[in-house]
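For reference, the structure is listed below as structure tokens.
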């Protein structure tokens, strides 16, 4: 048993339960941040809880969080990247697609991840070289070359504004970048594209999709990892594409083009 992975699971689950205690089916009050994204009491409470627990277990590690501290710290072998509540808009409106994402980086590269969706009852876990799991069931993608029109393509609300999309799959917008990629990793979606996610939106799912046997990269070829010491990632975003195979990735790249 990997103690670090198990500790991260416990932290994510307890943070998720904390958020769930604040969840209301008819929505809750939210505030708009400077970047026009939303923040709620649940974001802040979850963020404080996760940071406190990580520092208790691993006081010498660094932390990057969507809600506090977006500079990649120098001279740290291990740095945790957390999104204390991915899908804040969904949460604030009483929708189910939201979760907690915790990833650990080693020398700037993602090597361990936990993503927990409390209302869906789904706990994703992965460590580089050791596979990915959904509720302890091993994920192993095995996509045939044939692509069917009734498969699901997930994307974000900015996709149609910024890209010309000619993909023929059925489309869904779930409102959670982490869930989008996990939907591919679990075999429920054929591809996921997010136009402007930040590193905390996908550091966790980066490990999960790769360990499940899928592909994940930026559409423009930019390499988000390894992270650069002392760089502030507050405003950095990447057009992120995740697919179950190289064949689907190649197809998607020719059908999602910048306007």
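Here's the yes/no breakdown for (1) under 21 Å from residue 212 (Cβ atoms); (2) out of contact with any helix residue (DSSP H, G or I) (no Cβ under 7 Å at 6 or more places or on another chain); (3) at pLDDT 95 or above; (4) in the same structural domain as residue 17 (by TED's automatic domain parsing):
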| residue | (1), (2), (3), (4) |
| --- | --- |
| 75 | no, yes, no, yes |
| 78 | no, yes, yes, yes |
| 81 | yes, no, yes, yes |
| 89 | no, yes, no, yes |
| 102 | yes, no, yes, yes |
| 109 | yes, yes, yes, yes |
| 115 | yes, no, yes, yes |
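Mind counting the residues in the range 47-73 that are in contact with a helix residue (DSSP H, G or I) (Cβ under 8 Å, 6 or more places away or on another chain) and in a helix (DSSP H, G or I)?
Number satisfying all stated conditions: 5.
Restricting the search to the range 176-225, which residues are assigned to a loop (DSSP other than H, G, I, E, B), closer than 21 Å to residue 258 by Cα and touching a helix residue (DSSP H, G or I) at 6+ places or on another chain (Cβ under 7 Å)?
190, 195, 197, 219, 224
Given the criteria in a helix (DSSP H, G or I), under 26 Å from residue 133 (Cβ atoms) and modelled with pLDDT under 95, does residue 44 qualify?
No; evaluated as a whole, the condition is false for this residue.
Among the residues of the range 50-72, write down those that are surrounded by fewer than 18 Cβ atoms within 10 Å (Cβ to Cβ) and modelled with pLDDT of 95 or more.
52, 55, 56, 57, 58, 59, 60, 61, 71
The values are calculated or read from the model by the stated rules, or taken from the named source; none is laboratory data. The model shown is predicted, which means the values in this text are computed figures rather than measured ones. Because the Cβ atoms are built from the backbone with ideal geometry, glycine has one as well, and the counts that use them run over all protein chains shown.
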